[in-house]
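Data block below; observations after.
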Amino acid sequence: MTSHLLTLALLLACAAGCSGGESSALQTESSADTALILRADDPAAREALDALAEGRPWRATQALAPALRDPQRRTPEIVILAATAAGRWGGWQEVERLLAWEPWVDTLFDGRARTLLARAALDRRADTLAVAHAEGAVLTAPNSGERGVRLVLLARALDRLDDRDSSRVVYARAAEIMPQAAEWLRLRAAGVTSDSAQRAALYGGIVSAVPRGRLAQAEALARERTGDIPGAIRAYERAGNHVGALRLRAVTATADAERAVVRRELVRIVADRAGSADVRTAIEVLDTSFAPLDAAEELAVARSTFRTGPVPRAVTAYQRALSAGQGTPRDRFNYGTLLARLNRDGEAVAQFASVTTPRSLAADAAYQRARSMLRAGQGDVRGALRDVVARFPDDTGAASTALLLLADLATDERRDPAARDAYLSLVRRYPSSTHAPRAAFYGALIAYVSGDRRAAAREWDALRARYPRSAEAIPATYWAGRAWARLGDTTSAHERWRDVMSRSPQSYYALMGARRLNAEPWTPAPAPDTAITNAGVDSAMARIDLLESLGMDYEAGLEYAALVADTATDRSRLLALGEALRVRNQSSRAIQIGTRLVNGGMRDARAYRLMYPVLHRDVLAAEARDRELDPALIAALIRQESSFDPRATSPPGARGLMQVMPSVGRQIANALDYPLWDPALLYQPDVNVQLGVTHMADLFRTYDRLEHILAAYNAGGTRVDRWRTKVGVEDPEVFTERIPFVETRDYVRIVIRNREIYRALYGW
């Protein structure tokens, strides 16, 4: 037995015999917090405890900050409570700053400080330090449940250090203590076990569907981890993971013939399975084991990654392949598209210009060249667009799109007569184009804002008759009603608004129509907001909660996915599942369940509360009302920004519920006198809402129209100031319609509509 295993044997023996009642359940953190507070007489501690109980750890950090700064108040109880709060909002650097040099970490609070330090070390991958902290934490665990948690922390650190024998022993001991997580822990133990018979014995205790579904993959990983590469290759093949087997063959093959076979097979996977996870792995193996790739191989990589990314790798692959004479005009077009996506529009212009055949592709390339010229600020963009129409008049797609962009540019320049002419020309010349309904709608809108309401009314009526299934049919019907109302024909106006409410009751336009008719807008059928439980769901969620507390997020994710993928149609079970997901911040999955219920015919408020969830409802309402904002509006905005996913992250880096950029978050946090700043705070719901609502309140002081405020939140104030100069936009509904960005235009409509749904569902 190695010295480390001897140490572990002594550690586990001591753990088994240490004082502290055995418990089948994990001791809750809240009860441990209460024990701390009973020994603390500082009012800040009581306030922090209340905040933690409400799920607001950052508020606890704020409450404790004055006590931490005061040497007379900075007791061990205050420090450990502050570290607990920081750990809950992900502030592991703060945990280490608070605890690393305290002399009492092994003598007070049953080793809780060591547990927090072990988690902090794991977070920054300081695995050797994590082992030391976790060993100390195990020795002082107050009960079996807490001991199990600490053993898993120790096993994870040993596993990452590749100390397989030690981690196996600890995973197995933790499995004995925690039956709810035992199967997943045995699977982890098997993954670091060299002896196949021992692995088989561990697999034998795994009977639940979700972990059992991972056995074949686990066996392959175990063989790879323990150095049995030939066995791992065979196991990957048996598991259906061909690319995993090829990855190992690429590393171990020495004969040129075998390496050539592996290389061809990887390239075939790249070419044939675009969009799959296998492709990403195959490209990584090619780049690692077979670089440099030849031009044909780079072309295969380029074509696959063009569709699924990563975009930088696709660009590099196209550059190498095309410069070597490989590729078709379509490849040059796709290369230009990628360059434009990366804002390298000057280079994109050249690529699009080089595409001259076939004629249909050349037409699309000419249009995209004009768009890249516009973004790059180079050349005669309007001339280029007119040239598309002149050179390719028979290409409905390219020519109509060019006319549409010419019209949109004219509206941006406040040349509405020219814009209307271009819109109407598009409809007249290309009536079957997918852009014709939109052009007809905006041509009529210009007539409306210019004062010719009769022409607008007739054109909108003609649009809904000619293109009844288009996306513009409902907006045209609503606006025809507005035009007829301005002409004094209330009968025609009311008829059209009622038609919108009948055909599209949940739409923005139905809401606007209801307001003009002084009618009640659509709301879900009422249903009590009462908790529904299901024994199977409760059992699964208890297991997931335990896995998450152990830091086994991957396994918890598999359990969540299996629950959501279950095709059972029992409504009470689905309601219980949706509610359980919602309260665990799994709102995206709760929305999926709500959508299934609604699509399955359940149209009452219970299903819609899952489709339109709220996290930390009281916190959201309090933050909104503190700044005199409508909580339903904030909820509607969050629903559109992040679907109430606290971990949502956009490609540019916006984070959390209200999608706050780290730079903006820091600026607002400084203005609010936060005692410290960590970008991880943006993933904490109460912090993100406070920062986002503060930003919204600033916009309310800048603009006097909700439509302007929402557009500014989505697209920025500079653009909104420019859009407010267009004709007719003193009418907020016209302003919304004249927003040139489709994303922002839809954003404003959807948030306004969702606000009414949130008011109906939650009584705001």
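The values are calculated or read from the model by the stated rules, or taken from the named source; none is laboratory data. None of the values given here were measured: they were computed from a predicted structure. No Cβ is skipped: glycine too gets one built from the backbone with ideal geometry, and neighbour counts run over all protein chains shown. With ligands, DNA and RNA removed, areas are computed over all heavy atoms of the protein, side chains included. Shrake-Rupley method; radii C 1.70, N 1.55, O 1.52, S 1.80 Å.
Modelled spin-label separation between Arg603 and Arg330, with each label point placed 7 Å from Cα along the Cα-to-Cβ direction: 4.4 nm. Derived scalar couplings between HN and Hα for the range 420-432 equal 4, 4, 5, 4, 5, 4, 4, 5, 5, 7, 10, x, 8 Hz in order, rounded to whole Hz, by the Karplus curve 6.51 cos²θ - 1.76 cosθ + 1.60 (θ = phi - 60°), x for Gly and Pro.
Shown for the range 600-698: the carbon plus sulfur share of the solvent-accessible area, taken with all protein chains present and a 1.4 angstrom probe, equals 44%. Within the range 158-229, none of the trypsin sites (Lys or Arg not before Pro) combine a DSSP coil assignment with at most 15 other C-beta atoms in a 10 angstrom radius.
Mean sequence separation of contacting Cα pairs (under 8 Å, at least six apart), scaled by the length of the chain, corresponds to a relative contact order of 6 percent.
Helix 43-53 and the longest principal axis of the C-alpha atoms of the chain enclose an angle of approximately 70°. Asp698 exposes around 60 Å² of accessible area when a 1.4 Å probe is run over every protein chain in place. For Glu284 and Glu520, a Förster radius of 45 Å and the Cβ-Cβ distance give a FRET efficiency of 0.20, rounded to the nearest 0.05.
When the helices in the chain are scored as -39500 (n - 2.57) per DSSP H run of 4 or longer and the sum is shared across all residues, what 222 nm value do you end up with, to the nearest 500 deg cm²/dmol?
Values: 44 runs with 541 residues, N = 764.
After summing the helix terms and dividing by residue count, I get -22000 deg cm²/dmol.
Ignoring ligands, DNA and RNA, what percent of the accessible area of the range 259-316 is carbon or sulfur (1.4 Å)? Numbers along the way, then the final one.
Details: 1400 of 2630 Å².
About 53 percent, which is the carbon plus sulfur part of the accessible surface.
Full extension of the chain between Arg74 and Val311 gives 80.2 nm of extra length, using 0.36 nm per residue less the Cα-Cα distance. Measuring nothing but protein heavy atoms, the accessible surface of the range 377-485 at 1.4 Å probe radius is 50 percent carbon and sulfur. 3J(HN,Hα) along the range 69-79: 6, 9, x, 6, 9, 7, 8, x, 4, 5, 5 Hz, from the Karplus curve 6.51 cos²θ - 1.76 cosθ + 1.60 with θ = phi - 60°, whole Hz, x for Gly and Pro. Each of Thr305, Thr75 has its accessible area taken with a 1.4 Å probe; listed largest first, they run Thr75, Thr305. Here Arg469 and Ala260 are evaluated by their C-beta separation; at R0 = 60 Å the FRET efficiency comes out at 0.65.
Averaging Cα coordinates gives a centre for the range 144-199 and one for the range 720-764; these two points are 54 Å apart. Under 5 Å from the amide H of Asp604 lies no amide H of any residue 5 or more positions distant or on a separate chain, with H modelled from the backbone and absent for Pro and chain starts.
Ranked highest first by average number of other Cβ atoms within 10 Å, how do 598-609, 367-378 line up? Show your work: numbers first, answer last.
Values: 598-609: 17.3, 367-378: 20.2.
So the order, starting with the most tightly packed, is 367-378, 598-609.
Here the spin labels are modelled as points 7 Å beyond Cα on the Cα-Cβ line, and at Ala295 and Asp106 they lie 6.7 nm apart. When only alpha carbons are used to place a centre, the range 310-358 and the range 475-505 end up 48 Å from one another.
Contour minus end-to-end for Gln506 and Arg212, with contour as 0.36 nm per residue of separation and end-to-end as the Cα-Cα distance? Display every interim value, and only then the final one.
Details: separation 294, 0.36 × 294 = 105.84 nm, distance 4.34 nm.
Contour length minus Cα-Cα distance gives 101.5 nm.
What shape does the range 606-764 have by the C-alpha gyration tensor, where a ≥ b ≥ c are the square roots of the eigenvalues, rounded means a/c under 1.5, and otherwise prolate means a/b greater than b/c and oblate the rest?
Since a/c reaches 1.5 but b/c is at least a/b, the shape of the range 606-764 is classed as oblate.
Under the simplified labelling scheme, the Glu413-Asp721 pair shows an inter-label distance of 2.3 nm, with each label point 7 Å from Cα along Cα→Cβ.
Between Arg625 and Arg454, 0.36 nm times their residue separation minus their Cα-Cα distance comes to what? Don't jump to the answer; show the numbers that get you there.
Working: separation 171, 0.36 × 171 = 61.56 nm, distance 4.42 nm.
Length difference between fully extended and current span is 57.1 nm.
When Rg and Dmax are taken over the Cα atoms of the range 57-168, they come to 14.3, 47 Å.
Estimated at the nearest 10 Å², the accessible area of Val301 is 0 Å² with a 1.4 Å probe. Once backbone amide H atoms are built at 1.01 Å from N, Val660 has Arg655 as its partners under 5 Å, excluding neighbours fewer than 5 places away on the same chain.
Can you tell me the accessible area per residue over the chain, all protein chains present, probe 1.4 angstrom, in square angstrom?
On the way: 33070 Å² over 764 residues.
Dividing the accessible area of the chain by its residue count gives 43 Å².
Between the helical axis of 535-549 and the dominant principal axis of the chain, each derived from Cα atoms, what acute angle in degrees is found, rounded to the nearest 10? Taking Cα atoms only, the helix is inclined about 70 degrees. From the alpha carbon centroid of the range 424-454 to that of the range 617-661 is 37 Å. The calculated FRET efficiency for the pair Ser360 and Arg429, based on their C-beta separation and a Förster distance of 25 Å, comes to about 0.90. Remark: the range 377-394, residue by residue, has Karplus-estimated 3J(HN,Hα) of x, 10, x, 8, 5, 4, x, 5, 5, 5, 5, 4, 5, 5, 7, 10, x, 8 Hz, where x stands for each Gly or Pro and the curve is 6.51 cos²θ - 1.76 cosθ + 1.60 at θ = phi - 60°. Shape analysis of the range 414-536 places it in the prolate category; the axes a ≥ b ≥ c from the Cα gyration tensor give an a/c of at least 1.5, with a/b above b/c.
Per-residue SASA remark: Phe700, around 80 Å² accessible (1.4 Å probe; ligands, DNA and RNA not included).
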